[in-house]
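Student: Sharing a structure below in structure tokens format, with a few things to ask.
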Amino acid sequence: MVERAANRRSIFFFGWLAGGVAYLAGFYWLPYTITVFGGFPGGVSHIIFLIFAGLEAIRIGSFVLAVHFLGFGPLCLFPAFLWVALEYWYPDLFPWQLASSQSQLLSFIQSADLVGSYGTSFLLVWANSAIYHALSRRRDGLARALRPVLVVALLVGAAFYYGYRRLETVSARMRAAPKLAVAAVQGNIGVGLKWDPVQAERNLNYYKELTEVAGPASLVIWPETAVEVWVPENLRQLPPEILPQPPPGMDFFIFGARSYRGDFAATDARFFNSAFLTDRNGRVLGFYHKQVLLAFGEYIPFSRLLSKIPGVPPLGGFSEGEAPKTLDLAGGIRVAPLICYEDLMPFLARGFVREKGAHLLVNLTNDAWYGDSAAPWQHARLSQWRAIETRRSLVRATNTGLTALIDARGEIRQSLPLFAPGILRAEVELLEGETFYVRFGDWLPWLATLFSLAVFLQRRRVWRKRER
């Protein structure tokens, strides 16, 4: 019994260690972000980073331990189902999936409109499990060892064929779809210049100057909190000092700002990270409040409980938006605003399309907190999946990059350089209809969860019988 427990600890530890190394390499930029965004000293930021990597690596250690003791199952399917279940349920600070490693292989990932990104993760784990199993069990007979490899090879081939055909179909729909001319403005306002009252007016004027030369575009988009003054939620007319001089052809204007509800100075006031829509004359046509807030950056977890502790001052923060709310343009065009890392949340984009009939996804974000690192590209690559899942174009308007257009095939069709001011001009397709994934959601992770639980319960019965 002691030997078995030691063996379990050893297996978990090496799985956890491998996962920790992977997280340290993949999120190497996080200490910089913690220091700049959270205001922590460099040493403390690195300690937080190590804790983060250690906690996230528990998923890898648990996966390795479970596969070791529960086996690979029929056709080596168990590891793939278990991994998908863990991807779905394990809490992530920055949501990611193994499938994201394949984001540049467009013909392979088109099945996301059926099963989300989890389908690609499933195939990756299944293929690698089958190959490993065949190599380690080849003495049992070549035909028997290769059977799972052949089955998964057929499925991978089917995924490529489906992707090839879907790329053709979606491309044809994009050519036939009505278009909307947009201009996404990237001001490149550094972290040190944001939220400085002395610089706020200068920053705003810089965005206005860029907008004036944006060229003909029906919709002009500024990124998250481009407007650095507090805006009342019930604002009806944008003040002249904020409204840019509309370029030729501009009909609508979307910008990010901090907003509030109620009396700004009152204790019951509520504050939001918001996106506003106006017409060319500054008349406010709608707003959206961010629904998924960043812990410790936009709110303090358990703040109400912590505030009751003697000596702890009131802990403020943003409030969550109540529901998906599109920004509606003329002609029935509905825009789904996703603020900051909301473009990493499949359920949000899916809800906008399924419940509100959104024709276009727009992400307003400020990735300056990541510095000159791979993180802005990682963010953009993760957001590709929302375009494929919903078959909608996604326009990313960012402060320092990566400002980009991702079309309904998931292809990053246009982008601006990082840390450089610029204007992304594009004709975006306005598609309609629901994909299988939009209609039925995350059915694969639920199936994977039930399958994994069934395997665990069945093996538990076997162990109990042996103990008797």
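Student: Against the definition (over 26 Å from GLY190 (Cβ atoms) and modelled with pLDDT under 90), how does PRO248 come out, yes or no?
Tutor: Considered against the rule, which asks whether it is over 26 Å from GLY190 (Cβ atoms) and modelled with pLDDT under 90, PRO248 comes out as yes.
Student: Would you check which residues across the range 174-221 are surrounded by 18 or more Cβ atoms within 10 Å (Cβ to Cβ) and part of a strand (DSSP E or B) and list them?
Tutor: LEU180, VAL182, ALA183, ALA184, VAL185, GLN186, LEU219, VAL220, ILE221
Student: Taking THR120 as the residue in question, decide whether it is open to solvent by less than 60 Å² (accessible area, probe 1.4 Å), within 20 Å of THR435 (Cα to Cα) and free of Cβ contacts under 8 Å to residues at least 60 places away in the same chain.
Tutor: It is true that THR120 is open to solvent by less than 60 Å² (accessible area, probe 1.4 Å), within 20 Å of THR435 (Cα to Cα) and free of Cβ contacts under 8 Å to residues at least 60 places away in the same chain.
Student: If you don't mind, another one. Here is a list: GLU434, GLU427. Which entry is out of contact with any Cys (no Cβ under 7 Å at 6 or more places or on another chain), open to solvent by 50 Å² or more (accessible area, probe 1.4 Å) and part of a strand (DSSP E or B)? Steps first, answer last, please.
Tutor: Working: GLU434 fails: part of a strand (DSSP E or B).
Exactly one residue qualifies, and that residue is GLU427.
Student: If you check every pair at least six apart or on different chains, which have Cβ atoms under 6 Å apart with a residue in the range 20-36 that is at negative phi first and a residue that is in a helix (DSSP H, G or I) and of a type in the set (Val, Ile, Thr) second?
Tutor: ILE34/ILE48; VAL36/VAL191
Student: Farther than 23 Å from LEU93 by Cα and either more than 12 Å from the chain's Cα centre (by Cα) or surrounded by 24 or more Cβ atoms within 10 Å (Cβ to Cβ) (or both): which single residue out of ARG392, ARG396 fits that description?
Tutor: Selected residue: ARG392, the only one of ARG392, ARG396 that is farther than 23 Å from LEU93 by Cα and either more than 12 Å from the chain's Cα centre (by Cα) or surrounded by 24 or more Cβ atoms within 10 Å (Cβ to Cβ) (or both).
Student: Which of (1) within 30 Å of ILE34 (Cβ to Cβ); (2) free of Cβ contacts under 8 Å to residues at least 40 places away in the same chain does LEU150 not meet, given it meets every other one?
Tutor: All conditions pass for LEU150, except number (1).
Student: Just one of PHE94, PHE52, PHE69, PHE37 is open to solvent by 20 Å² or more (accessible area, probe 1.4 Å) and either of a type in the set (Asp, Glu) or closer than 30 Å to GLN458 by Cα (or both); which is it? Lay out the reasoning, then the answer.
Tutor: Working: PHE94 fails: either of a type in the set (Asp, Glu) or closer than 30 Å to GLN458 by Cα (or both); PHE52 fails: either of a type in the set (Asp, Glu) or closer than 30 Å to GLN458 by Cα (or both); PHE37 fails: either of a type in the set (Asp, Glu) or closer than 30 Å to GLN458 by Cα (or both).
Only one candidate passes the filter, namely PHE69.
Student: So how many residues does the range 352-381 have that are in a helix (DSSP H, G or I), farther than 23 Å from ARG439 by Cβ and among the hydrophobic types (A, V, I, L, M, F, W, C)?
Tutor: From the range 352-381, those in a helix (DSSP H, G or I) are 352-356, 367-370, 375-381; that's our starting set.
Then keep just the ones that are farther than 23 Å from ARG439 by Cβ; that gives 367-370, 375-381.
In the following step, the residues that additionally are among the hydrophobic types (A, V, I, L, M, F, W, C) were identified as 368-369, 375, 377, 380.
Qualifying residue count, the range 352-381: 5.
Student: Residue check: is PRO240 outside any helix (DSSP H, G or I) and open to solvent by 10 Å² or more (accessible area, probe 1.4 Å)?
Tutor: Details: outside any helix (DSSP H, G or I): yes; open to solvent by 10 Å² or more (accessible area, probe 1.4 Å): yes.
Judged against the criteria, PRO240 is a match.
Student: Only one of these is at pLDDT below 85, β-branched (Val, Ile, Thr) and under 26 Å from PRO91 (Cα atoms): ILE300, ILE339. Name it.
Tutor: Working: ILE339 fails: at pLDDT below 85.
Criteria check complete, one pass: ILE300.
Student: Restricting to the range 359-381, name every residue that is within 29 Å of ALA176 (Cβ to Cβ) and touching a residue at least 60 places away in the same chain (Cβ under 8 Å).
Tutor: So the first thing to find is which residues in the range 359-381 are within 29 Å of ALA176 (Cβ to Cβ), and the list is 359-364, 380-381.
Matches in the range 359-381: HIS359, LEU360, VAL362, LEU364, ARG381.
Student: I'm trying to understand the selection: among the residues of the range 437-450, which are hydrophobic (A, V, I, L, M, F, W, C), closer than 30 Å to LYS179 by Cβ and open to solvent by less than 80 Å² (accessible area, probe 1.4 Å)?
Tutor: Pass one, the range 437-450, residues hydrophobic (A, V, I, L, M, F, W, C): 438, 440, 443-444, 446-448, 450.
Add one more test, that the residue is closer than 30 Å to LYS179 by Cβ, and what stays is 438, 440.
If the condition is that a residue be hydrophobic (A, V, I, L, M, F, W, C), closer than 30 Å to LYS179 by Cβ and open to solvent by less than 80 Å² (accessible area, probe 1.4 Å), then VAL438 is the only one that fits.
Student: Can I ask one more? Conditions: (1) assigned to a helix (DSSP H, G or I); (2) of a type outside the set (D, E, K, R); (3) open to solvent by 80 Å² or more (accessible area, probe 1.4 Å); (4) closer than 30 Å to ASP251 by Cα. TYR164 meets all but one. Number of the miss?
Tutor: Tallying (1) assigned to a helix (DSSP H, G or I); (2) of a type outside the set (D, E, K, R); (3) open to solvent by 80 Å² or more (accessible area, probe 1.4 Å); (4) closer than 30 Å to ASP251 by Cα, TYR164 fails exactly one: (4).
Student: List every residue pair whose Cβ atoms sit under 9 Å apart, with the two residues 6 or more apart in sequence or on different chains, where the first one lies in the range 250-279 and is at positive phi and the second, anywhere, is assigned to a loop (DSSP other than H, G, I, E, B) and surrounded by fewer than 23 Cβ atoms within 10 Å (Cβ to Cβ).
Tutor: GLY262/GLU233; GLY262/ASP268; GLY262/ALA269
Student: Follow-up question, since we're still on this one. List the pairs whose first member sits in the range 407-429 and is more than 18 Å from GLY371 (Cα to Cα), whose second member is open to solvent by 50 Å² or more (accessible area, probe 1.4 Å), and whose Cβ atoms are under 7 Å apart, counting only residues at least 6 apart or on separate chains?
Tutor: ASP407/ARG413; LEU424/GLN414; ALA426/GLN414; GLU427/LYS179; VAL428/LYS179; GLU429/LYS179
The values are calculated or read from the model by the stated rules, or taken from the named source; none is laboratory data. Quick caveat, the model's predicted, so the values are computed rather than measured. Reconstructed Cβ throughout: ideal geometry from the backbone, glycine too, with neighbour counts over all protein chains shown. With ligands, DNA and RNA removed, areas are computed over all heavy atoms of the protein, side chains included. Shrake-Rupley method; radii C 1.70, N 1.55, O 1.52, S 1.80 Å.
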